[in-house]
Amino acid sequence: MSRRVSRVATISLHTSPLDQPGTGDAGGMNVYVVEVARRLAARGVEVDIFTRATSRALPPVVELAPGVLVRNVVAGPFEELDKGELPRQLCGFTSGVLRTEASYDPGHYDLLHTHYWLSGQAGQAAKQRWGVPLVHSMHTMAKVKNAALAAGERREPAERELGEDQVVRMSDRLVANTAKEARELVELYGADPARVATVSPGVDLSLFQPESPLIARSTGLLPHRTGPARRRLRLPRDAYVLLFVGRIQPLKAPDVLLHAAARMLRDDPALRDRLVVAIVGGPSGSGRERPEGLQRLAAELGIAGCVRFEPPAPQRVLADWYRAADVTVVPSHNESFGLVAIESQACGTPVVAAAVGGLCTAVRDGESGVLIPGHDPADYANVLRRLHAAPAAHLKLARGAVRHAQDFGWDATVDRLLAVYDGAVSALPAALRAAPPIPAEATA
Ligand code: UDP
């Protein structure tokens, strides 16, 4: 247990830890919040997670795990509120958070950890009211996202960039997923380097494991092809399975995988009976990002028969997909980290990914997978073709992938976070003295 922190208020305004990741606004951040909260609680640190209620049917408080409560704060309409509309609900949401704390004895929470800029905005008021340190995780940053937009993708609004600037200024500690993100916080947002800590996210190493030792069997087939995961997912042993996992959105570029697969089939028509492209995940956003758009693209490319679309799945089922796949492809235009890449590697499946953002940390180029500069489908097709033709090289990457993933357990994440929390609490008196006073008109 932490020496100084026994109760943490976590804020995840725009997406609930109770949501199924892989669709809508739910993804890696939800997994992060849940996994960290469960492990903090197991070490004796109670966690309350504040989120916005998105349904009238939700009870105000749900126990997620012993020591972890999800508090569904009513602010604004329940369903169908676009993320872009959420800044208008900040006031109502923040009052809900403050009201909850006011129902306890003073000093109930020792620290606030906020996730994504909207939560950071709510956290600024709570920090000042409660006199506790604010630890903030950006997860994604507007300035970084705007610099690498996919074709046709909307720019993040100036309002978000400004909001992020404020959160950076107000936070006692900023948690970056990678050293690169830490540098971006300093260079793009002017963060004080002394307040930025790099803490890698993790993977549930007890769930994401290869199903059999990665030793080539006498069948001559790669071991993952003969295991039960393929049987459970009704995938033939001789199939060459390329996997995409995540929300269907231009940022994740699943279209690059479809184009690459079409090229592979054009160059090697014999592969047509064996190639399976599995896309696991649901729509995020609206309009052309929906899976129907991808289905149309698969039909236009003449590969519809090879593509399997699967709805968002719980991680237990995802683990089977990773184990059954030959390669997981992550062609994203940007990733703050890329949990999918680590989960796949933990299951012994190499990753072919775009050399962007956190993926450069999540994948060890040439050892646990292959990093590709840019998004040209021809480059992806070349690498995938090469791996398909060289089972020994594939097996070497598979073993390297399992090794690499061992560096990313959630327990290590929580060790580091607790050190960050302790540091923030110890520095608090000085931080409070340094904080700008709340103007009188704001408190009147
Ligand atoms: N995920 C899931 N079911 C799905 C698709 C995704 O549980 O059908 C989870 C996946 O296991 C991973 C997270 O969603 O932990 C996606 O995180 P990542 O960092 O790859 O992307 P993000 O959503 O943060 O952009």
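The values are calculated or read from the model by the stated rules, or taken from the named source; none is laboratory data. If you're wondering where the values come from, they're calculated on a predicted model, not measured in any experiment. FYI the Cβ positions are ideal-geometry reconstructions off the backbone, even for glycines, and counts take in every protein chain you see. Side chains included, ligands, DNA and RNA excluded: accessible areas come from the protein's heavy atoms. Shrake-Rupley method; radii C 1.70, N 1.55, O 1.52, S 1.80 Å.
Listed values, structure above:
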item	result
Residues of the range 101-113 satisfying the condition of being modelled with pLDDT of 95 or more and either part of a helix (DSSP H, G or I) or open to solvent by 50 Å² or more (accessible area, probe 1.4 Å) (or both)	none
Enumeration of residues in the range 302-321 that are surrounded by 24 or more Cβ atoms within 10 Å (Cβ to Cβ) and within 9 Å of the ligand (Cβ to nearest atom)	Leu318, Trp321
From the options Asn30, Asn72, residue that is open to solvent by less than 30 Å² (accessible area, probe 1.4 Å), within 16 Å of the ligand (Cβ to nearest atom) and among the polar types (S, T, N, Q)	Asn30
Members of the range 164-177 that are within 21 Å of the chain's Cα centre (by Cα) and more than 20 Å from Gly357 (Cα to Cα)	Val167, Arg173
Residue check for Ser284: within 18 Å of the chain's Cα centre (by Cα), surrounded by 24 or more Cβ atoms within 10 Å (Cβ to Cβ) and either more than 13 Å from the ligand (Cβ to nearest atom) or within 23 Å of Lys83 (Cα to Cα) (or both)	no
Residue that is surrounded by the fewest Cβ atoms within 10 Å (Cβ to Cβ), among those in the range 398-412 that are in contact with a Lys or Arg (Cβ under 8 Å, 6 or more places away or on another chain) and over 22 Å from Ala325 (Cα atoms)	Asp411
Helices (runs of 4 or more DSSP H) enclosed by the range 238-334 - at least 3 residues per element that are over 26 Å from Leu395 (Cβ atoms)	254-267, 291-300
Failed criterion for Tyr116 (all others in (1) within 21 Å of the chain's Cα centre (by Cα); (2) open to solvent by less than 30 Å² (accessible area, probe 1.4 Å); (3) on the phi < 0 side of the Ramachandran plot hold)	(3)
Residue satisfying all of: in the range 227-237; open to solvent by less than 10 Å² (accessible area, probe 1.4 Å) and either basic (Lys, Arg) or not in a loop (DSSP other than H, G, I, E, B) (or both); nearest to Pro377 (Cα to Cα) among these	Arg230
